[in-house]
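I have placed the structure first, in the form of structure tokens, so that the comments after it can refer back to it.
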Amino acid sequence: MTTNRIAFQSSIAAGDKLPGSAKEIAESLKALPEPHRCPWWVHYLLVSPLRRLTESPEKLVGPFVEPGMTVLDPGCGFGFFTLPLARMVGAQGKVLAVDVEPRVVERMHRRARKAGLAERIDGRTCQLRDLNLAEYEGRVDLVSVIHTLHEFEDLVGFFAQVALLLKPTGRLLVIEPNGHVTTEQFTAELSWCRLAGFRELNAPDLGRKRLAALFAPPVVSS
Ligand SMILES: C[S@@+](CC[C@H](N)C(=O)[O-])C[C@H]1O[C@@H](n2cnc3c(N)ncnc32)[C@H](O)[C@@H]1O
């Protein structure tokens, strides 16, 4: 199902000429099929305590988080990363947790309430092409998009929104599961990020199981 989308993005990653005018590119993007989205009930498995044995949110995202920060967790699912992030930002910080699937947002809220972290989390159902976070423009320190980017069908729109949300000093951290996402696909995803004006920084080394990249937001000329 994602073949056209990946092929289209790969051709840009490979340095091919953009296929025509901005209008033509926008039309091509609209024509691409929807990427696969994992069924909502899979999140019961994704928050299993066993996952922590191989995937520690503190180790993966911890180095980029400080108390008091505002962190965006797009595609939050049941909150495997959201809840630890809420602990890391502390009582003065905020985690913005959004997902297109209302059932997973509801479940994330329940888990946050049970853990006593609800006050630090602004959880919302968003739309496929709208993160629904306009009031946070220019106020976000870190966007950590983890195991989720390959499900986004509108990367251009996503990166444009992230650019608006981030503070000039903010960071965008992208982590994808190696294998489930191929290196070629990851390169294509990052090419969209660069096209949106993001500046690539040294990628964190998160081992062979993960593909990772770190970006600074586009420079806004005044
Ligand atoms: C594979 S899950 C990862 C969940 C979580 N980050 C984790 O690692 O446990 C991807 C999530 O992205 C959500 N998603 C897909 N497209 C989205 C979009 N356009 N905007 C927001 N969330 C989206 C899905 O509903 C799903 O919950």
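Values as computed for the structure displayed
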| quantity | calculated |
| --- | --- |
| Residue-by-residue Karplus 3J(HN,Hα) for segment 198-215, coefficients 6.51, -1.76, 1.60, Hz, glycine and proline x | 5, 10, 6, 10, 4, 6, x, 8, 10, x, 6, 7, 10, 9, 9, 8, 10, 10 |
| Where the Cα pairs of segment 3-216 fall when distances are cut into 10 Å bins, in % | 8, 35, 38, 15, 3, 0 |
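Read-outs: derived from the displayed coordinates by stated rules, not from any lab. All of these numbers come straight from a predicted model, not from anything done at the bench.
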